Each structure stands twice: as structure tokens, then as C-alpha cells.
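Okay, structure first, notes after.
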Amino acid sequence: MADWWLESAAAVHRSFIAGERSASEIVDGVLDRIAVHDPILGAFLEVAADRARASARQLDRRRLAGEQLGPLAGVPVALKDNLATDGLRTTAGSALLANWLPPYSATVVRRLEVADALIIGKTNLDEFAMGSSTEHSAFQRTNNPYDADLVPGGSSGGSAAAVAAGLVPLALGSETGGSVRQPAAYCGVVGLKPTYGRVSRYGLIAFASSLDQVGPLGRTVGDVADVLRVIAGADPEDPSTCLEPVPDYRAALGGGVQGWRVAMPEELQKGADAKLQARAEQAFSALVAAGARPVSVCLPHLEAALATYYVIAPAEASSNLSRFDGVRFGVRQGGDRELADMYSQTRGRGFGPEVKRRIMIGTYALSAGYVDAFYVQAQRLRQLLAEDFAAAFSMADILVTPTTPSLPFRFGAHDHDPLAMYANDALTLPANLVGVPAISVPAGLTAGLPVGIQLMAPAFAERALLQAAQVVEDHFGPAAAITPRRGGGQP
Ligand code: GLN
């Protein structure tokens, strides 16, 4: 019981169903561990203690009454703070939404509640999910649980750090260009970006709508598979969701990869740290040792992916963020005399520098004189990339790459060089541009820091993706929960 926090979500669920521990005991254990360790880590923006205790009491009553309980009954879950939660402050890491209480919950949040998961609180992120380090949060710093002088990655840095530190066994994050997989890699946990359209975006505060997708983080592939099954599927509130049936992802996990074709595209290793490339090769060899056949594929337009993303994502963001004007959404500032003054003060004081940079880049890329040269050109490249990946997936079932080009970096390392920050996403954002699913799986440590391996699969092949990820997890061993240590910096 003492070391409950080392357990997988599946084990916590089983112990609750078996009556070995009550939901109230589970929640109290989680809240105690958060109280001890989160002051050092800084993963949570808000801990919803009363709400979690109330849900736990209700769940305990229902269990004693012999009611049928959901597949995540008794499992504590944290939510990235850009997922709208009825009655719980939802800030998107922005001063502009510091006091926003949504009147509804995101579909993914409702589905977790229907599955009887216990919502513990909201986690830190880069403002409006724009970033790769969680340093752009308007509120606080989140440390990497392995080394408090290093970033946890981003933008779902709070969710990844909370899972890695054993504060919760599961969390939701969101992805636009790697915001689940990159922090999962930096913190040594599993992070999945589903196929575009697999999971509802309703209630996810929009960054770039053609790229955004909600994804789970956990310490085992099986746990992530269980969450995907709960949150995936068509949603009338999000017309971009697909009708594709949702399989039992866990059922496939032991199946192995005998006879599958696997490839390590050279273009997705280039520029990565040699140690990380070597680890990806080990993962690849593990798949081959399990019976997969190595094949080669090429992605001739991959070189353009980073630039393509950093035109399309800011362009969509500049449009999506127009609603934060102090009238429709956002803390209103100024404007005693003039409307224009109110807009400019609300947005000028409310948005942080990275968000303003994106809005300016996006507005420029869409402006009348430049739209053809930037936005339209980026759409053409996106199409060429989609064709590259379609060709690659006609040859290979699974692609293997390092998740990130480098290991977690120090706070402030990219303060004066936004392009260096953007380069962190070079290996993850292609999956968002072409809409395919991808996962980061822990592959042990190097120099005391976690390494993540990325696997990619064709659209809606999450079952195969998770099945291959299980082989990689079996090879390297599942993620360990680590107790965060105090470093030089405070969260
Ligand atoms: N780091 C990337 C960006 O800043 C991706 C962010 C994300 O996936 N939300 O755009």
C-alpha cells in the first residue's frame, strides 16, 4: 500500500475493484504525495482536492452497492489545463484566462468521468500550448523530475512530470506538433498522439485546429491503450472526428510484430544526438529480433516539415486566438474611452511574448500580399509530405525514430533563440502535419536522463502502433516512477 504510486493505472484499478483499497484511500494517497512533492516539481496549476474526494466517496458507495463500474474506476487522472473542465478553472497557462471557469467539460473529460476515473487537477503548460519546455507558462515553472535544473519538455510538461514523479498514474495532454511525445520523452514516460480525428477536440482550447489532438500519458503502454479506448471515437460536438470503430487496444498488446515491416527513415534520424540515434537503433533491433522485417523508406520532403509547421500552426493560431479579446473571452483591461484601446490593452498585457510572436508570424503569413508565398506554399508542402508518408506506409507498417533530437535542456537555454526551441519538434511534428498516430516509449536512461523512442503508424492503426510499442517496452522495461529531487531552481 505504501508504494501505490509505483503501480500502473491498471493495477490501481484492479485493487479498487477487488476491494483492497477504497477510492477515498487512493485519492488521499495521491493528494499526500502531491502535497509533499509538487512544491518541488511544480506540475499542478490546481489540485481539485474537494472535487476528487467527493467523486471518490461516490465511487466507493457505488462499489459497495454492487453497481457496474467503468474501465478506469478508481484511477487518478490529471488534465492539461487547456482542457475545459466544468467548474474548474481552465487557464491554458495564460494570464488572459487566469479566472476562466468553463461552463462545460471537454468531451475527453466527460468520457473519463463516465469511465469512473478520478479527476485530480489541472497541470501546467506553455501558454496556449505554444512551446517545448513549459517555460512559457504565465504562472510557474515545472521542473524535470530527473533533474530540477532541466525543463520537463512541453507543452504538456506538467502532465508528463506528474506521471513521471508518480503523482498520478495517468494524465491527458494535447498535441499540435509534439506536445505529448516530447515531454513524455524528456520525463521518461509513454505519450501517444492519436490519428487526427480519432479523439474529440471539443473543449480543447484550440491552438491550430488542423493539427490539434488530445493524447494520453502513462507509465505503461497498456495504461495508455486503456485511456485511448475511453476517449476515442466519434463525437457529434466535433465534426472532424471519424466514425471508425474503437477497438480494445489492450487486447492486441501481446500480439508481437512477427512478419511486420519496420523502417528507420534516415531523414528522421538526421541531426539527432548520436546517443539517441543509437538507442533508436536498439529499439529497431528489438523489433527485428521479435520477427519484424527491416525495410527502407524515404521521405524526400521531410526537410521542409519544420518550416511548413511553423507557417501553418501560427497561421491557424492567429485566427483561433482572435476570440481572446476581453469581450468574448479573456480578462478585460483598459478601454475606458475607446474599443480599440480595450482590445490592445487586453491582448497586449494578457498574452506572453511567445504567443504574440506566433500571432504576428501567423497574421503575416496570411496577409494579402504574402498568403501565396507562405500559407499556400506551406499547404502544398503539407500535401507533398502526406504523399511521402503514404508511400512510406505502403512499404512499412511501423517507422522508428528518436522522439527528440536531443536530451532535456537547461532552463533559459533557448530564451534568446526561438528557432532553437522550435527545432526540438523536428522529429515529432511530421506526424501532426500528415495526421498519423505516433507514440513515444521510454528506452532507458543515458547520462541519468530519459530517452524516448518514437514509433509511427498509418492513420487509424493505433492498435498496431501500441502492439509494436509493447515490444519496445518489453525490451527496455516499463517507465519507473521517480521521486523528484530539489535542484538549484524553484518551480
Ligand atoms: N512545440 C510546438 C509548438 O510550439 C508544438 C506544441 C504543441 O504540440 N502544442 O508549436
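Residues in the range 336-346: is at least one within 16 Å of the ligand (Cβ to nearest atom), outside any loop (DSSP other than H, G, I, E, B) and either under 24 Å from the mean Cα position of the chain (by Cα) or surrounded by 13 or more Cβ atoms within 10 Å (Cβ to Cβ) (or both)?
No; the residues of the range 336-346 include none that is within 16 Å of the ligand (Cβ to nearest atom), outside any loop (DSSP other than H, G, I, E, B) and either under 24 Å from the mean Cα position of the chain (by Cα) or surrounded by 13 or more Cβ atoms within 10 Å (Cβ to Cβ) (or both).
Given (1) touching a Pro at 6+ places or on another chain (Cβ under 9 Å); (2) touching a residue at least 12 places away in the same chain (Cβ under 8 Å), identify the lone condition not met by PHE351.
(1)
So GLY291 fits all but one of (1) part of a helix (DSSP H, G or I); (2) farther than 24 Å from ASN432 by Cβ; what number is the exception?
GLY291 satisfies all of (1) part of a helix (DSSP H, G or I); (2) farther than 24 Å from ASN432 by Cβ except (1).
In the list ALA11, ALA78, ALA35, which residue meets the criterion of being touching a residue at least 60 places away in the same chain (Cβ under 8 Å) and not β-branched (Val, Ile, Thr)?
ALA78
Would you tally the residues in the range 112-134 being within 9 Å of the ligand (Cβ to nearest atom) and small (Gly, Ala, Ser)?
4
Only one of ALA283, ALA317 is part of a helix (DSSP H, G or I), surrounded by 15 or more Cβ atoms within 10 Å (Cβ to Cβ) and in contact with a Leu (Cβ under 9 Å, 6 or more places away or on another chain); which?
The conditions single out ALA283.
In the list GLY291, GLY271, which residue meets the criterion of being in contact with a Gly (Cβ under 7 Å, 6 or more places away or on another chain) and away from the ligand (no atom under 16 Å from the Cβ)?
GLY291
Can you report the number of residues in the range 70-85 which are over 17 Å from GLU175 (Cα atoms) and within 21 Å of the chain's Cα centre (by Cα)?
5
Just wondering, is there one or more residues in the range 197-210 that are within 16 Å of the ligand (Cβ to nearest atom), in a strand (DSSP E or B) and within 17 Å of ALA106 (Cα to Cα)?
Yes, the range 197-210 has at least one match.
Would you please name the residue that is surrounded by the most Cβ atoms within 10 Å (Cβ to Cβ), looking only at residues in the range 56-107 that are of a type in the set (S, T, N, Q) and touching an Asp or Glu at 6+ places or on another chain (Cβ under 8 Å)?
Here the answer is SER94.
Values in this text are rule-based calculations from the coordinates and carry no lab data. Here the structure is a predicted model, which means the values were calculated and not measured. No Cβ is skipped: glycine too gets one built from the backbone with ideal geometry, and neighbour counts run over all protein chains shown.
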